[in-house]
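A short worksheet on the structure shown next.
The values are calculated or read from the model by the stated rules, or taken from the named source; none is laboratory data. What you see is a predicted model, and the numbers here were worked out from it, not measured in a lab. Please note: Cβ atoms are built from the backbone with ideal geometry, for glycine as well, and neighbour counts cover all protein chains shown.
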Amino acid sequence: MESELLLRIDCTLGETPVVLPGSNELAWIDAVEGRLHILPPGAEQPETIAVPGQAPLGMVMATSQPGMLLVSCKDGIVLLDRTTGKTTPFAHPLHSLPHLFYNDGKVDSLGRLWIGTAEDSESAPRGILFRMDGTRAVPVDAGLAVCNGPAITGAGDRLYLSDSTEGRIHTYRIDAEGRLLDRRLFVQMTRDEGLPDGVTLDNEDCLWVAHWGGGCVSRYAPDGTLQARVELPVPLVTSLCFGGDDNRQLFITTARVDLDAGALAQAPLSGSLFTLRAEVAGPPAPVLKLPA
């Protein structure tokens, strides 16, 4: 497997790619710049939407309402009307915790949102992972500096979460009530490997991981064994998702934030969108269920 450049773009902090159902468009954010990018299949340039609200953005998510996307920003989790660019509030569990910001989120097979948070300095272990029951936020874990991911198995019985600052990926069992139990260390990365950022699962429940500062993506078996590693020509690899006609195409976002002139000269494609063709497909991304 080899990575390929899909779109050259100077995202400061490209993040949280997701394939939109029906159109097969790829959506992702530039978290620092407060922009949402949407790339139709075969297009040379994306549609770009400036998201109202205070940066950083945390994620973009497809919903059950056509044209309506879920986006998080410092001001809260909002519904974004793609046609008008206007937002309406959805939830804001951090309204009394201004030292935290929303980060990655995923939807499980039941249509529930799981969203992680991080402390502003990205160093103190004060981040919280929430499960959203509708618009009600339920804390399910805490004491994490930067929550990235998460990824939930198709059966909905296991969750993986990057605690990026600590270089760790944790795994949990999900019980019938949606509680996280039996947290254990899944992977501990070395300094040379970088930090685990976004994660996604394929149809064999193997975990694909983006390496921030490691310039690669990796595939881990369910027992934590490293099975594959694919290099990219940029150091800051942020997140990834499955898509394409047979869901074997991995879309990979990257960043250029904090890279100086020398580093950018060595890696001029930083911030661009990459792809690789995986040997095992991934499941279609579930969408957030909204009231009809």
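Considering the stretch 208-286, the qualifying strands (runs of 3 or more DSSP E), each wholly inside and each with 1 or more residues that are within 23 Å of D108 (Cα to Cα), run over 216-220, 237-243, 249-254.
Taking the listed residues R184, R173, R168, R179, the one that is surrounded by fewer than 22 Cβ atoms within 10 Å (Cβ to Cβ), closer than 24 Å to V230 by Cβ and basic (K, R) is R168, with no other qualifying.
In the stretch 234-242, is there at least one residue being surrounded by fewer than 24 Cβ atoms within 10 Å (Cβ to Cβ) and either basic (K, R) or over 13 Å from T275 (Cβ atoms) (or both)? Checked the stretch 234-242: at least one residue is surrounded by fewer than 24 Cβ atoms within 10 Å (Cβ to Cβ) and either basic (K, R) or over 13 Å from T275 (Cβ atoms) (or both). Checked against the criteria, L129 counts as crowded, with 24+ Cβ neighbours inside 10 Å, modelled with pLDDT of 95 or more and touching a strand residue (DSSP E or B) at 6+ places or on another chain (Cβ under 6 Å). For the subset of the stretch 32-89 comprising residues that are charged (D, E, K, R) and over 16 Å from the mean Cα position of the chain (by Cα), which member is surrounded by the most Cβ atoms within 10 Å (Cβ to Cβ)? Going through the qualifying residues, I end up with E33. Just for the stretch 202-221: of the residues that are under 22 Å from T117 (Cβ atoms) and of a type in the set (A, V, I, L, M, F, W, C), which one is surrounded by the most Cβ atoms within 10 Å (Cβ to Cβ)? Among residues in the stretch 202-221 that are under 22 Å from T117 (Cβ atoms) and of a type in the set (A, V, I, L, M, F, W, C), the one surrounded by the most Cβ atoms within 10 Å (Cβ to Cβ) is V209.
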